[in-house]
1. Going down the list LYS155/LYS229; LYS10/LYS154; LYS71/LYS91; LYS148/LYS228; LYS34/LYS154, which pairs span over 32 Å between their C-alpha atoms?
2. Which log10 I(q)/I(0) values, to two decimals, does region 1-127 give at q = 0.10, 0.17, 0.18, 0.19 Å⁻¹ under the Debye formula with one point per Cα?
3. Within region 67-109, find all residues whose amide N lies under 18 Å from a label point positioned 7 Å from the Cα of SER126 along Cα-to-beta-carbon.
4. Can you give me the Kirkwood hydrodynamic radius for region 98-162, using every pair of distinct Cα atoms, in Å to one decimal?
5. Could you work out the mean projected area of the convex hull around the alpha carbons of region 16-90, in square nanometres to one decimal?
6. If I take every Cα pair under 8 Å that is 6 or more residues apart in the chain, average their sequence separation and divide by the length, what percent do I get for the relative contact order?
7. Find the all-direction average of the projected area of the Cα convex hull for region 106-239, expressing the result in square nanometres with one decimal place.
8. Suppose R0 equals 25 Å; then what is the FRET efficiency for LEU28 and SER92 from their Cβ-Cβ distance, rounded to the nearest 0.05?
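The values are calculated or read from the model by the stated rules, or taken from the named source; none is laboratory data. This is a predicted model, so every value here is computed, not measured. Cβ: placed from backbone, ideal geometry, glycine included. Neighbour counts: every protein chain shown. For accessibility, only protein heavy atoms count, side chains too; no ligands or nucleic acids. Shrake-Rupley method; radii C 1.70, N 1.55, O 1.52, S 1.80 Å.
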Amino acid sequence: MNQEIKLQEKSNLYFTFFCVLFVTLLLLSNMTMKLFKAPFFPTLALTSGLITYPITFLITDTVTEIWGEKKAHIMVWLAFSMNILMLTFIKSTIHLPVHKDWFINSNSFGFQSITDYQTALVSVFSVSSYILLGSMVAYMISQLMDIKIFAFLKKKTKGRHLWLRNNASTCISQLIDTFIMDGIVLYWGLKMSLSTCITIGISVYVFKVTFALLDTPIVYLLTHYLKKKLSPDEYKKTA
């Protein structure tokens, strides 16, 4: 009995770690909004969220593999709730009355007044309704789709071919994610031409698929490590 309690506590600790990591990566993806030049293709623009957001699908697949579909859903909804909470506090902070002591004359950024401080804060943390709507809709649909496809393929293959469900679920869900984000943010929100949206969408999706293929060995290492740590009996109980 004591051994079972220890295994359950270890399982809960690992799951909590992945939840915290998942939530952190999602928050960073929505906070760090910047366009940068694509490697080897400087004329193409990529969003800085591509550095952190694709990793969330690696975590989703790992959690689904080890703890099952239900726990993965809990993680996704938890991250969604924390993202809404973050945006609520950011919006509130932006509208708080500014105090004169906030401004420092000798600041290293070259700001000339407290108004400059406020403008900088708003420019960095203000999120347009189109970006917010697009990112949230794309996130929920793509993550839940990823979990569903992964769990379905795991059942169909009787737990074999981890590489297949990892890549298939991520590639399909990331295609949906890219389509929704481009449609809402670029085409509808920013009024970009359809050809421009398609060009950006293809470059972003190619990056996501490349990452999905490269992260397969990492998924294997993580799942192997966790199965070993949780023991076969514990793994069967939580999967």
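1. LYS34/LYS154
2. -0.52, -0.98, -1.03, -1.07
3. Correct set: 87-99.
4. Evaluated over region 98-162, this radius sits at 16.2 Å.
5. Value for region 16-90: 5.7 nm².
6. 25 percent
7. 12.9 nm²
8. That pair, LEU28 with SER92, gives E of 0.80.
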